[in-house]
1. Fully extended, how many nm does the chain gain between residue 159 and residue 47 (0.36 nm per residue separation, minus their Cα-Cα distance)?
2. Based on Cα coordinates alone, diagonalise the gyration tensor for the stretch 1-100, multiply each eigenvalue by 5, take square roots, and list the semi-axes in whole Å, largest first.
3. Using the Karplus curve 6.51 cos²θ - 1.76 cosθ + 1.60 with θ = phi - 60°, what ³J(HN,Hα) values do you get for each residue of the stretch 92-97, in whole Hz, with x for Gly and Pro?
4. Length gain on complete extension for the stretch residue 128 to residue 108, per 0.36 nm per residue less the alpha carbon to alpha carbon distance?
5. What number, rounded to the nearest 500 deg cm²/dmol, is the helix-based mean residue ellipticity at 222 nm of the chain, given -39500 (n - 2.57) per DSSP H run of at least four residues and division by all its residues?
6. What lysines sit close enough to residue 53 to cross-link, taking a C-alpha to C-alpha distance under 28 Å and skipping anything fewer than 8 places away on the same chain?
7. Using only the Cα atoms of the stretch 29-83, each taken as one equal point scatterer with no solvent, compute I(q) by the Debye sum, divide by I(0), and report log10 of the ratio at q = 0.25 Å⁻¹.
8. Running a GNM on the chain with Cα contacts under 10 Å, which residue among 137, 122, 73 ends up with the highest mean-square fluctuation?
Amino acid sequence: MKNILILAGPSAVGKTTLAHTLLKRDGRFELVRSVTSRSPRGDSFDEEYIYIKKEEFDNLIDAGGVLEYTEYAGNFYGTPRSEIDRICSEGKVPLLILDLNGVMSVVSGAADVSPCAVYIYAPEEVLYMRLKERYGADTERLESRLLQNRADHQRFLSVRDNFFATTENTGNVEESASEIQKIFNRFQCLHS
């Protein structure tokens, strides 16, 4: 059984920042590169993706080559099993950043992995300020994202038993990353 660490939570809670902090602090973890059918954008996130054509993605799905996947804005995104296998074969722990649908897919359908799913939360006013900073004057996107965060939180309440733990992003990245390390250490003790 392959232990994996999954970070999930609402938009602007700091999942990516915490993941990168964990990667710097703890050499056990390696971020899983997602596979996508979208075209590269030429931005700093391009290195976090494996780009393939839609037909190739369809074949990957049919062959069971993705742990979980979703479609967003006409493009597919997923977690390639080959990346999980590669990272585990190198003696490291795969680290994934997923939405609730992705977490539920992994927890309910992946018999070959043992997921330590951690839900990260922050007070709504903190999320509001972070989203306001992210979207600036685009109040329509800000309101849309806030509504989605509320809906995701309600959904989380109905599926929280599928998570190993919850933790607050206190705003101190090092402190919050340390807490996630402790959570994963407890998980490993129980699943070794």
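What follows draws every value from the coordinates through simple rules; no lab data is involved. Please read these numbers as outputs of a predicted model, since none were measured by experiment. Glycine also receives a Cβ, built like all others from the backbone with ideal geometry; neighbour counts cover every protein chain displayed.
1. Result for the pair: 37.1 nm of gain on full extension.
2. Calculated on Cα positions only, the semi-axes equal 22, 17, 12 Å.
3. Per residue, the Karplus-derived 3J(HN,Hα) values read 10, 9, x, 10, 10, 10 Hz.
4. This chain segment gains 4.0 nm when fully extended.
5. Calculated at 222 nm, the ellipticity per residue is -15000 deg cm²/dmol.
6. Partners within reach: 15.
7. -1.01
8. Most flexible of the set in this elastic network: 73.
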